[in-house]
Amino acid sequence: MSYKAIIFDLDGVICSTDEYHYQAWKTLADRLGIPFDRTINNRLRGVSRMESLEIILEKAEQAYTAEEKAAFAEEKNNLYRELLHQMSTADLSDEVRDTLNALRAKGVRVAIGSSSKNTPFILERIGLGNFFEAVADGNCITHSKPHPEVFLKAAAMLGLDPADCLVVEDAHAGVEAAVAGGFDCAAMGDAYSDERARWHLNSFGELNGIA
Ligand code: B16
Ligand code: MG
């Protein structure tokens with residue numbers, strides 16, 4: 001199968017910021033006395049910050065006002081950004097860097113499709129600030145995954161049809177978004193076994209054999 005472009009999810013695909021999301025939410029949940037573990041965390045993959053907070057608050061024993069929720073989301077984002085500030089080019093693995101370079105050398109166009117509003121900052125930290133031809137992220141969408149908007153935006157920025165693009169995702173919500181948008185999807189990590197995906201990646205490097 002040959003694809004003209006690959007649209008990559010960011011957190012959990014290009015870099016391990018999914019772990020920082022977990023740590024930041026865990027700190028907030030512990031402070032509020034709300035049970036939170038990695039199983040619940042997996043439901044937050046690919047969904048927006050406020051939707052993530054609502055999932056965490058399902059286990060809360062009290063109701064919170066909209067103002068309190070906004071403050072919690074900001075508190076979590078500040079914790080998360082403290083962790084992001086510690087990132088450097090060393091947080092981009094050799095495997096991801098080499099695979100991205102090999103794909104681009106073969107003429108495959110590369111883009112980002114992430115729900116995160118922190119996408120530009122993260123790409124800068126890991127040395128990929130100018131690498132991708134198109135970046136669609138949480139700053140330019142009104143619906144987060146599983147809605148296909150972010151991937152459709154990335155394809156439109158490239159001037160390509162979804163049928164010409166492969167989406168790479170680690171979240172079930174992301175796989176659902178890709179398929180809803182008419183994209184083939186390669187699933188890895190938490191979404192590895194998702195049956196809606198056309199490809200199942202044990203490692204990022206396997207993309208070399210697909211595209
Ligand atoms: P932010 P992705 C998503 O990024 C994360 O998976 C999800 O856990 C997070 O809530 C969302 O970004 C919003 O992130 O708070 O930084 O705007 O996986 O779509 O790259
Ligand atoms: Mg992800």
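The values are calculated or read from the model by the stated rules, or taken from the named source; none is laboratory data. Note that the coordinates shown come from a computational prediction; the quantities given were computed from them, not determined experimentally. Cβ coordinates were reconstructed from backbone atoms using ideal geometry, including for glycine residues, and neighbour counts include every protein chain displayed. We work out accessible area using only protein heavy atoms, side chains counted, and drop any ligands, DNA or RNA first. Shrake-Rupley method; radii C 1.70, N 1.55, O 1.52, S 1.80 Å.
What value does the chain have for Rg/Rh, both radii from Cα atoms and Rh as Kirkwood defines it?
Working: Rg = 16.8 Å, Rh = 17.3 Å.
We get a ratio of 0.97 for the chain.
Mind giving me the nanometre distance, one decimal, between the label points for S93 and A70, set 7 Å out from Cα along Cα→Cβ?
Result: 4.0 nm between the two label points.
Using the heavy atoms of the protein chains and a 1.4 angstrom probe, tell me the accessible area per residue for the chain in square angstrom.
I get 46 Å² per residue for the chain.
Take each of the peptides 128-134, 42-48, average the number of other beta-carbon atoms within 10 Å over its residues, and list them starting from the highest.
Result, highest mean Cβ count within 10 Å first: 42-48, 128-134.
Taking 1 over the mean of 1/r across every pair of different Cα atoms in the stretch 18-84, what Kirkwood radius in Å do you get?
11.8 Å
Hey, any idea what % of the chain's accessible area is carbon plus sulfur with a 1.4 Å probe?
47 percent
Given +1 on the Cβ of Lys and Arg, -1 on the Cβ of Asp and Glu, and no further charges, what dipole in debye does the stretch 18-84 carry about its Cα centre, rounded to the nearest 20?
180 debye
Which order do the peptides 200-208, 66-74 come out in when sorted by mean C-beta neighbours inside 10 angstrom, highest first?
My ranking of the peptides, most packed first, is 200-208, 66-74.
Kindly list the residues of the stretch 14-34 that lie in the label zone of Q86, defined by a backbone N under 19 Å from the point 7 Å along the Cα-to-C-beta vector.
Answer for the stretch 14-34: 15-31.
Distance cut-off 24 Å, Cα to Cα: go down the list K106/K145; K59/K145; K26/K145; K26/K117; K117/K145; K117/K153 and report the pairs above it.
Going by Cα-Cα distance, K106/K145 fall outside the 24 Å limit.
If each of D37 and Q23 carries a label point 7 Å out from its Cα toward its Cβ, how far apart are those two points in nm?
2.2 nm
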